[in-house]
Structures are given as structure tokens and as C-alpha cells.
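Below is one structure; the comments refer to it alone.
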Amino acid sequence: MPQETAVNFESVDTYKIGIADQLSVAVWRNAELSVNVPVRPDGKISIPLIGDVIAAGKETTELSSEIEKALANYVRTPNVTVIVTSANNAEYINRVRVTGAVLQPVSLPYRENMTVLDLVLAAGGLSEFASGNSAKLYRKTEEGVKTYKIRLKDIMNKGDIRTNYTLLPSDIVTVPESTF
């Protein structure tokens with residue numbers, strides 16, 4: 001049975017900077033070198049004096065160290081802090097999705113305590129051809145992708161909420177069409 005508790009943020013991987021993220025690069029006591037920059041489609045950012053630096057795929061501490069080393073040629077003992085001010089790339093990681101025999105397949109931002117029923121209702125409900133009790137929840141885990149059976153028809157028509165699982169980021173719900 002899937003986990004039905006809030007996200008354990010201690011187990012969440014360290015955030016890696018991604019394309020389209022907004023960064024604040026602060027160089028202590030050097031305001032003219034401090035910038036707010038977007039991560040470009042090529043994964044780079046532009047920093048005064050040193051030019052382009054690859055940011056995508058790195059943690060903020062790793063990027064800070066790299067910029068400090070490059071600035072050391074121009075500034076005595078630079079102290080650089082990188083902060084992700086807008087994690088635009090993370091938007092796609094922290095989504096939940098429903099596909100198949102629903103009125104409007106949808107990908108939504110993850111919200112704490114969101115359930116399977118919430119997701120299906122956001123998709124407009126089941127289509128007339130849906131096989132609601134054959135729906136499945138796919139969840140990425142450390143052991144790989146786990147699959148859970150969902151009885152959507154029972155949830156919606158009988159109020160049987162035993163399979164109305166609480167969702168986690170990246171969960172996918174699929175609703176197959178019934179065979180006649």
C-alpha cells in the first residue's frame with residue numbers, strides 16, 4: 001500500500017540547478033559582481049569578470065565554490081553565495097499526472113495531502129468508457145517503479161475510499177478504457 005503521509009523532506013535529494021531556474025549570485029563585499037541571472041537553455045549563467053559558467057546539474061554549494069575559484073584571479077578571497085530564487089525547472093519534477101479514460105488528462109503541481117480522487121476530479125472525472133476499477137497508480141521509489149491498484153469507480157460511486165491514496169510528487173494515475 002502506498003505511503004499516505006506527508007513528504008519526508010530529509011529524504012528528498014539535494015536540489016540540482018536546472019534550465020530556466022533563476023539564481024541570485026552574491027559576492028560578499030563586491031556588489032558590482034553580484035547578479036540575479038536566469039539559467040539559459042544551454043545550462044550556463046553569465047558572471048561579471050569570469051563570463052559563462054555551467055550551472056545546470058550542480059548543487060548551489062558546488063556552483064558557489066566554482067565561481068569563487070574563478071573569481072580568485074580577480075578578487076582577494078572571494079566569498080560567493082548562490083541561491084535559487086525561482087526553481088522553474090523543479091515545477092516538472094513536483095507534478096502529479098492522470099492519463100487515459102478521463103475527460104481531460106492533466107498534469108498538476110503537487111499539493112500536500114492531494115489524493116487520487118482530487119486528481120481525477122481535476123481531470124473532469126472519468127469518461128463514459130473508463131474502466132475505473134482497473135485504474136493504477138505508478139510511483140517512483142528507491143527500488144524502482146511500484147504499481148498500486150485503484151478502484152476509482154468504487155471511490156466515486158460507493159464512497160469506498162480504501163484505494164483513495166494520498167499522492168506524492170511524480171505520481172502518475174492511469175485509467176484504462178473498458179473492453180466491450
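The values are calculated or read from the model by the stated rules, or taken from the named source; none is laboratory data. Computed from a predicted model, the values in this text were never measured in an experiment. Cβ coordinates were reconstructed from backbone atoms using ideal geometry, including for glycine residues, and neighbour counts include every protein chain displayed. The area values use the complete protein model at the heavy-atom level, side chains included, leaving out ligands, DNA and RNA. Shrake-Rupley method; radii C 1.70, N 1.55, O 1.52, S 1.80 Å.
Looking across the stretch 75-87, the residues that are of a type in the set (V, I, T) and not in a strand (DSSP E or B) come down to V75, T77.
Within the stretch 35-59, the set of residues being open to solvent by less than 50 Å² (accessible area, probe 1.4 Å) and on the phi > 0 side of the Ramachandran plot comprises G43, G51, G57. If you check S127, S86, S170, S107 for being farther than 30 Å from A20 by Cβ, out of contact with any Cys (no Cβ under 7 Å at 6 or more places or on another chain) and among the small types (G, A, S), only one passes: S127.
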